[in-house]
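Trainee: Mind having a look at this structure? Questions to follow.
The values are calculated or read from the model by the stated rules, or taken from the named source; none is laboratory data. Note that the coordinates shown come from a computational prediction; the quantities given were computed from them, not determined experimentally. Here Cβ is always computed from backbone atoms with ideal geometry, including for glycine, and neighbour counts include all displayed protein chains. Just so you know, the surface numbers come from the protein's heavy atoms only, side chains and all, with ligands and any DNA or RNA stripped out. Shrake-Rupley method; radii C 1.70, N 1.55, O 1.52, S 1.80 Å.
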Amino acid sequence: KRSDFGALAPIDSPCALHITRAMSTQMGNGHDGERLAVSLHSFGEETSVPVRIRKAVLRVFPALAIKQNLVQLDLTVVNDQVERDIGAKLNVPLPAGGTVCRFEFFRNGEWYPAVPVEAKVAREVVYKEKEKGHAVGATSQKQGNIFEIEISPLGYNSPAQCRLWYSHPDGGFPFDFGPDTEVEVDRHLGQECDAGTLMGTGACVVGDCFGQRHFACFVPYIKPMEEMVAVAPKRMALLWDTSGSQESDHRLRFDRLRELASRCPQMTFDVWTFDIDFRREMVSAGVEEAIAMLTSVNYDGGSDLTLLSSLLPALGQVDAVLLFSDGMDSLGRLPSIQDPSPPVHCIVDQAKVSLRTLSAVSLSTGGRLLRGDYLQIMKPQVLLTNIRSDQEDEGFFDPNDAFKCCPDHRLHLQWPVGEEGLWLCGTVGTVCKVSVQVSTGSQTSTHDFDLTAAPVLAAGAAPLLGYLFAQQQYSAVERDGAAMGIDLDKVRAELATRYGFCSPEASLLMLYDAEQFIEHQLECPNGHPAYSTWEKRRSALTAPVCRGGLGQPKSEYQTRNVIKLAKQLRSYMTNPIPEALLAQERDNAARRECRARNGGPVAAAVGGHRATAGMMYRCASPGMSYRCAPGATARGGALRMDLDDCDEGCADDDGSFQTVCLLEAESVESCAAPFHSWGGDLLSLGADTMRGVSAPLAMSSDYSDDLGERRCQSTGHDGKGKAKGKGPPL
């Protein structure tokens, strides 16, 4: 339904409007009356030949309570100019702030969904598939709010259908198609459309999408009271973009400048122009002089927005800056403003604009986005200052809790609220109530939202809430990156690919066959006609998991070692003083006690030489005794050490290798009788202690004969009581 060929009037029930070219150019709410021209051109040898858009269908799924719309645009294109298969690119400018959040192509009677990938990967895959002559497509963000759909191949006189989705507060018809395009508008209304919610009050809706229940709350802008006036700037710098894209009628801008000057009679203007260089045109001029100068400007060439980092320091002592630009750099670059700067207020009054660039500039300098008059700069900033919920304390401190919202409710907030309002989005989890506080100067407003009583969006509109949440997170990352002066491209790319929307970092890639996904190692989305084939092929090609290798799951042996190490770490954290140090201290104490009792080191004659037995020992239980066998007395005496006072606590932690006795002697060469260990586990003699001992070493019953034989063989003995000669040091 229309009223005098004007904007769409409310529709009582779902319906479709078939309109002619004359009607399509007048419908909708374009930005200040400017239409968004949709163009489709072939490329290659026929670069200048346009491809006709036969039909356009606009389906709007509104959530009027939160002043948002999920818009589906179906396009039927046909190549009726070139009598062969061609490739084509469709340029689709969306309303400012809109982004493509889903893309599908109709082929062989089925709809094929695109898969989100990084923009660089999408370009590489499209090039390779086109070189092979395979069907492929992609949707990418070209610049600002201009998106590009690439279709290959497009046959002669074979209509092709594609569809895309975007979300935006404006659900009107903003596009301008060719003169022969048939346009159809299908606007769906749901139960959530309550007239009371359209009066600027806060409202909330919920819906199920992306496997979770999402919510979105609309927080309206507070208009500051008339008596609340900030300090008016006395010296204003005007930065005027003179690139070719800015050539248009600027009378609305001039009227708003005059209105601002009338409220600040003492204000003067410094005028600067820039494209790929910047120039100072006027200093301390009046408003009419500044307007006269700007009226005579010539527009040509491209723009280099990286100049702002050097232009702002050159402004001198100015109180504020007004930036008149669409924010579209010729090479897609973003300005980086690190030095202190006066607040830069960015003018948003064009249909084609890069909100990403202008938002980054305003946030990094403390300025604002001005979508209407310029008197806002004289009012206090409206800020979101507090978000509260009935979330439990445990969930509040758990980063993996099911309740999430953006802006983050756990942070101390100073979040700017523009004239269009603000959307608080997230996943519900177990939270029932959310409260939001908005302030400007001494004026404060609180909005309470009950998520359990909120209207539930229908299935067609519910994905809108997931897209809003993803885009709010993306904007928050951009805001933080601009404020901190760091590049968070990887974080933004991860967000875009996770939720599947176009951004400078991510594109929507269209593949049709399972082999294409396998070759390029991409996940085929569930619901794709080739999904079942791809899943079977992928399972057959998946290599068996090699455990224990670099980057592979741990083997059973590695797992046991990890568990053992974990136990040792826990033991250390419980008792950080190693048991070995404690045992050594006990040994030292025992040594001192023995020397005090015997009047000096224990000494005996062994083989005609003096032998000194030190007291460095460890044992497992009291009553342990080590000695040379009685046969050794015939060779010059016996060495006997009684360790009856040994403390049981010096045993090893894990119970293995409990008994170790180290005898330090000088030149012990001819102890012919065997050494025995009675009741212990092991007798360990140092290498410097038993040079040339030819007698075998008798092992305890805890060790096998084979082990004893190997130990004896290593020291030059046969393990059966017979010496093989003078063996090497033990």
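Trainee: Pull out the extension gain between Leu411 and Asp255, defined as 0.36 nm times the separation in residues minus the alpha carbon to alpha carbon distance; nm, one decimal.
Mentor: That pair, Leu411 and Asp255, stretches by 52.1 nm at full extension.
Trainee: What FRET efficiency would be calculated for the residue pair Val297, Met225, taking the C-beta separation as r and a Förster radius of 41 Å, to the nearest 0.05?
Mentor: Efficiency computed from Cβ-Cβ geometry: 0.60.
Trainee: What order, most packed first, do the peptides 114-126, 305-317 have when packing is the mean number of other Cβ atoms within 10 Å of each residue?
Mentor: 114-126, 305-317
Trainee: Gain in length, Glu392 to Arg371, computed as 0.36 nm per residue apart minus the alpha-carbon separation, to one decimal in nm?
Mentor: 3.6 nm
Trainee: Would you please name the trypsin sites (Lys or Arg not before Pro) within segment 217-268 that are DSSP coil residues with at most 16 other C-beta atoms within 10 Å of their C-beta?
Mentor: Lys234
Trainee: Rounded to a whole number, what % of the accessible area of segment 246-371 do carbon and sulfur atoms account for, probe 1.4 Å?
Mentor: 49
Trainee: Per 0.36 nm of contour for each residue apart, how much would the distance between Ser284 and Asn400 grow if the chain were fully extended, relative to their Cα-Cα spacing?
Mentor: 36.2 nm
Trainee: How much area per residue is accessible in segment 336-463 when the probe is 1.4 Å and only protein heavy atoms are counted (Å²)?
Mentor: 44
Trainee: My understanding is that a pair violates if its Cα-Cα distance is over 21 Å; which of Lys67/Lys142; Lys55/Lys142; Lys89/Lys120; Lys142/Lys490; Lys89/Lys132; Lys490/Lys554 do that in this structure?
Mentor: Listed pairs above 21 Å: Lys67/Lys142; Lys55/Lys142; Lys490/Lys554.
Trainee: If you don't mind, another one. Once the other residues with Cβ under 11 Å from the Cβ of Leu370 are scored (Lys, Arg +1; Asp, Glu -1), what is the net sum?
Mentor: +1
Trainee: Which residues in segment 281-302 have a backbone N closer than 17 Å to a point placed 7 Å from the Cα of Glu247 along the Cα-to-Cβ line?
Mentor: Output list for this probe position: 294-302.
Trainee: Taking K and R as +1 and D and E as -1, what net charge do the other residues with C-beta under 12 Å from the C-beta of Ile518 add up to?
Mentor: Combined, the nearby Lys, Arg, Asp and Glu give -2.
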